[in-house]
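A short worksheet on the structure shown next.
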Amino acid sequence: MPLLRILTYPDPTLRKKCEPVEEIDDDLLELLDNMADTMYEAPGVGLAAPQVGITKRVIVADIKPRERILDSPEDEEILLPPDRSELIELINPEIVFSEGEAIGEEGCLSIPGFVSDVKRKYEVVVEGYDRDGEPIQIECEDLLARVLQHEIDHIDGILFIDRLSRLKRELLKKKIEKVLGKEEKYAVL
Ligand code: NI
């Protein structure tokens, strides 16, 4: 299970609008496997293909809390391996319905070290295809709805910082750019 390198801001690939998947072949299945492994290893609750340099409309997510144990004598906390029972793999995902609003804290594996409150839809219905090419529909709310909206934004080249009010965005971008570097140009919603 090769882990993939996660691109970080201000990598221009993160700003690409990704292409729909037209055929599910071995390469795509391998990508899905490697994306899930990379997400769990990070650890994160979601990952989109452009974050690993592939500009295709593919995302993975898993919000199931991982079990932790304390490793004595150092008392170091260890994250147990995921059971993958709630792993979501979505090809060509689309939000077909959304309702309500919710504000919650978000971070991103591509903007390490920074978080902010982001306003999202509280409830969404997402349609897409699974790895067998079968259509799937996911109706969800709260955290999973937030994660899917965040990941679907990624395949359109949108980062969570773009979803902030102008003032908050400019302040956070300044801090981010001090640490990670400056973007040439970026999408503003
Ligand atoms: Ni992200």
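The values are calculated or read from the model by the stated rules, or taken from the named source; none is laboratory data. Every value quoted in this text rests on a predicted model; they were computed, and no experiment measured them. Virtual Cβ from ideal backbone geometry, glycine too; neighbours counted across all protein chains shown. Heavy atoms of the whole protein, side chains included, go into the accessibility calculation; ligands, DNA and RNA do not. Shrake-Rupley method; radii C 1.70, N 1.55, O 1.52, S 1.80 Å.
Considering only the other residues whose Cβ falls under 10 Å of the Cβ of G157, what net charge follows from Lys and Arg at +1 and Asp and Glu at -1?
With Lys, Arg at +1 and Asp, Glu at -1, the net is 0.
Quick check for you: with a 1.4 Å probe and neighbouring chains kept, what is the accessible area per residue of segment 1-111, in Å²?
Working: 6300 Å² over 111 residues.
Per-residue value: 57 Å².
Please go through segment 132-189 and write out the GluC sites (Glu not before Pro) that DSSP classes as loop and that have at most 13 other C-beta atoms within 10 Å.
Loop-located and lightly packed - E184.
Can you list the lysines whose alpha carbon is less than 30 Å from that of K174, not counting same-chain residues fewer than 8 positions off?
Reachable lysines: K16, K17, K56, K119, K121, K182, K185.
Kirkwood Rh, segment 12-180, all Cα pairs: how many Å?
Radius from the Kirkwood sum: 16.9 Å.
If exposed trypsin sites (Lys or Arg not before Pro) are those in a DSSP loop with at most 11 other Cβ within 10 Å, what is the longest stretch of the chain that has none?
Longest stretch, sites excluded: 85-184.
Restricting to DSSP H runs of at least four residues, report the calculated mean residue ellipticity at 222 nm for the chain, -39500 (n - 2.57) per run over all residues, nearest 500 deg cm²/dmol.
-7500 deg cm²/dmol
Leaving out ligands, DNA and RNA, what percent of the accessible area of the chain is carbon and sulfur, probe 1.4 Å?
Result for the chain: 49 percent of the exposed heavy-atom area is carbon or sulfur.
Nothing charged except the Cβ atoms of Lys and Arg (+1) and of Asp and Glu (-1): what's the magnitude of the dipole of segment 6-109 about its Cα centre? Round to the nearest 20 debye.
480
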